[in-house]
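Novice: I have a structure I would like to understand better, so I am pasting it below and will then ask my questions one at a time.
The values are calculated or read from the model by the stated rules, or taken from the named source; none is laboratory data. Nothing here was measured: the structure is a model prediction, and the numbers come from that model. Here the Cβ positions follow ideal geometry from the backbone for every residue, glycine too, while neighbour counts run over all protein chains shown.
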Amino acid sequence: MILLNFSHPLTPPQLAQLEALTGAAVERVIAAPAQFDHDRPFVPQVQALLAQIPLTAQEWQVTPLLIVPPALNFITAVLLAELHGRMGYFPAIARLRPVANSLPPHFEVAEVINLQAVREQARTRRHNVPGPSQMPGT
């Protein structure tokens with residue numbers, strides 16, 4: 001799989017954790033740190049960031065990708081929308097967490113989240129939500 005890293009560089013132990021969690025070898029890491037200008041709109045900055053990724057339109061759709069999202073939530077939200085448009089589905093993401101009491105601070109892989117599976121499971125709950133006329137007190 002190809003790892004698209006929009007965050008800090010990953011260490012060999014972190015890459016090994018990702019391989020163990022996914023059961024797939026990381027064949028290539030593409031680093032694309034997300035350093036954005038807060039005074040400019042984020043959508044064109046995300047588009048410019050992704051334009052730097054050396055993948056063809058076909059590769060976006062068929063290559064196994066794992067995403068390490070940027071730390072800033074607004075960039076991540078726009079990035080995931082743009083990736084879904086290019087890929088046709090939501091990618092899996094890696095969540096890192098700080099290691100308790102580590103000096104200097106460092107991070108470990110907490111989990112890999114399959115966003116497409118989250119979406120598909122959420123769709124099953126779409127029809128189970130009560131409508132306004134079925135809400136208590138209405």
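Novice: Out of everything in the stretch 48-90 that is among the β-branched types (Val, Ile, Thr) and part of a loop (DSSP other than H, G, I, E, B), what residue ends up being nearest to Val29 (Cα to Cα)?
Specialist: So the residue we want is Ile53.
Novice: When residues of the stretch 97-115 are filtered for being at pLDDT 95 or above and either under 11 Å from the mean Cα position of the chain (by Cα) or exposed (fewer than 13 other Cβ atoms within 10 Å of the Cβ) (or both), how many remain?
Specialist: Residues that pass the stated criteria total 5.
Novice: Could you pull out the residue among Ala100, Ala122, Ala110 that is free of Cβ contacts under 8 Å to residues at least 24 places away in the same chain and in a strand (DSSP E or B)?
Specialist: From the options Ala100, Ala122, Ala110, the qualifying one is Ala110.
Novice: Hey, does the stretch 90-97 have a residue that's small (Gly, Ala, Ser) and over 17 Å from Phe6 (Cβ atoms)?
Specialist: no
Novice: Something else now. In the stretch 32-47, how many residues are surrounded by 15 or more Cβ atoms within 10 Å (Cβ to Cβ), among the aliphatic types (A, V, I, L, M) and not in a loop (DSSP other than H, G, I, E, B)?
Specialist: Qualifying residue count, the stretch 32-47: 1.
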